[in-house]
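Undergrad: Here it is, the structure, as structure tokens.
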Amino acid sequence: MSTIDTVFAAATRLQQAGTPYALVSVVRALAPASARPGDKAVVTADGQLHGWVGGGCAQPVVLRTVREALADGRARLVRIAPAAEGHEKQLDDVLEFGMSCHSGGTLELFVDPVLPRAQLVVIGASPVAASLVQLAPRVGFGVTLVAHEADAAAYPDAQRVIASDEIAGATAQIGPGAWVVVATQGRRDVQGLRLALALQARQVSFVASAKKAQVLKGSLIAAGAEAAAVEAIVAPAGYPMAASTPEEIALSVLAAVVSQRRGAGLPAVEPQAAAAPVEPAVEGPAAPVASCCGGGR
């Protein structure tokens, strides 16, 4: 297999596994550098390197730059040139690093981060859950729907449908770091919240009224759940807006998730400013799709 085949085969494997990596390309090389323009490598944050972009002197700079690019998602153009070790300066859009190796060559590298799609896990088979599954892929999320006895055919936009909300089975299929929204809307609420807490989520949001959320949080803590994790559940979920229909509520919830993902946070509002649908008094079957509220909180 040629070097370029090795590079793209590695990229395919990493992408399928959901592992972030950077594609590093040599854009300029001055002799006696061992790499040539067009040489490429796939590099991960833990130091895996498939391909060729220069010898051992260049690799510490490459790995450091790859880690920084994967952390903030921005591509970088770097130059590695003969200079005192530790020399570093910004030249327009190029970051120059000094390299004290005996070879004396100069390399310019383009480091392009390739990040997996952000993952959104929607727990529940409610009208709001269905609307979230439809909307989220359109803003870049890969969506997993988890619901007891869910019919995969009913969620064509989902990347994956898990038809059981049992904790052991679901956690085996869902990796850490996802955004999780519990949209059970009165059907298996407690089980949905327990599963959400077990997923090592980036953030858990609960589509529910403040009153209902407070009651269920208290019951989770009383049952032995970690208090700090329970209190961190965002409820009521959603961006503060006068949402009423399942589609509007899903839009509100997704807007809040996107805002948090991008680091913008949410504006401070009075509690009564965030509208929400009416919640049934007791757990029961989810309300029909035709309902404007769907038992949404």
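The values are calculated or read from the model by the stated rules, or taken from the named source; none is laboratory data. These numbers were taken from a predicted model, which means no experiment stands behind them. Quick reminder, even Gly has a Cβ in these numbers, built from the backbone with ideal geometry, and neighbours come from all protein chains shown. Ligands, DNA and RNA are excluded from the accessible area calculation, which covers all protein heavy atoms including side chains. Shrake-Rupley method; radii C 1.70, N 1.55, O 1.52, S 1.80 Å.
Undergrad: Counting only residues that are closer than 10 Å to Ile123 by Cβ and open to solvent by 10 Å² or more (accessible area, probe 1.4 Å), which one in region 175-193 is nearest to the chain's Cα centre (by Cα)?
TA: Gln191
Undergrad: Go through region 230-261 and give me each residue that's β-branched (Val, Ile, Thr) and over 17 Å from Asp189 (Cβ atoms).
TA: Result: Thr245, Val257, Val258.
Undergrad: Further question on the same structure: Out of region 238-278, which residues are surrounded by 17 or more Cβ atoms within 10 Å (Cβ to Cβ), at pLDDT below 50 and more than 15 Å from Ala129 (Cβ to Cβ)?
TA: Ala274, Ala276
Undergrad: Any idea which residue in region 97-127 is modelled with the lowest pLDDT, counting only those that are in contact with an Asp or Glu (Cβ under 7 Å, 6 or more places away or on another chain) and either open to solvent by 40 Å² or more (accessible area, probe 1.4 Å) or farther than 15 Å from Ala250 by Cα (or both)?
TA: My answer is Ser100.
Undergrad: Still on this structure, I have one more. What number goes with the only condition from (1) touching an Asp or Glu at 6+ places or on another chain (Cβ under 9 Å); (2) farther than 19 Å from Ile123 by Cα; (3) at pLDDT below 95 that Gly296 does not pass?
TA: Every condition holds for Gly296 apart from (2).
Undergrad: Now for a different question. Scan the helices (runs of 4 or more DSSP H) fully inside region 121-233 and keep the ones with 1 or more residues being of a type outside the set (S, T, N, Q) and within 24 Å of Thr245 (Cα to Cα).
TA: 127-135, 189-198, 210-222
Undergrad: Please pick out the residue among Ala153, Ala136, Ala130 that is open to solvent by 20 Å² or more (accessible area, probe 1.4 Å) and touching a residue at least 40 places away in the same chain (Cβ under 8 Å).
TA: Of the residues listed, the single one that is open to solvent by 20 Å² or more (accessible area, probe 1.4 Å) and touching a residue at least 40 places away in the same chain (Cβ under 8 Å) is Ala130.
Undergrad: Taking Arg187, is it closer than 23 Å to Thr19 by Cα and basic (Lys, Arg)?
TA: No: the conditions fail for Arg187.
Okay, residues lined up against (1) touching a Gly at 6+ places or on another chain (Cβ under 8 Å); (2) of a type outside the set (A, V, I, L, M):
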site	(1), (2)
Gln119	yes, yes
Ser126	yes, yes
Ala130	no, no
Val133	no, no
Pro137	no, yes
Leu145	no, no
Ala150	no, no
Asp157	no, yes
Ile162	yes, no
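Undergrad: Can you give me the number of residues within region 223-252 that are within 21 Å of Leu145 (Cβ to Cβ) and either without any contact (Cβ under 8 Å) to a residue 24 or more places away in the chain or aromatic (Phe, Trp, Tyr) (or both)?
TA: Residues in region 223-252 being within 21 Å of Leu145 (Cβ to Cβ) and either without any contact (Cβ under 8 Å) to a residue 24 or more places away in the chain or aromatic (Phe, Trp, Tyr) (or both): 2 in total.
Undergrad: Do any strands (runs of 3 or more DSSP E) entirely within region 1-80 hold 2 or more residues that are open to solvent by 50 Å² or more (accessible area, probe 1.4 Å) and within 15 Å of Leu109 (Cα to Cα), and if so, which?
TA: 21-30
Undergrad: Checking Ala235 against (1) surrounded by fewer than 17 Cβ atoms within 10 Å (Cβ to Cβ); (2) under 21 Å from the mean Cα position of the chain (by Cα): exactly one of these is not met. Which one?
TA: Tallying (1) surrounded by fewer than 17 Cβ atoms within 10 Å (Cβ to Cβ); (2) under 21 Å from the mean Cα position of the chain (by Cα), Ala235 fails exactly one: (1).
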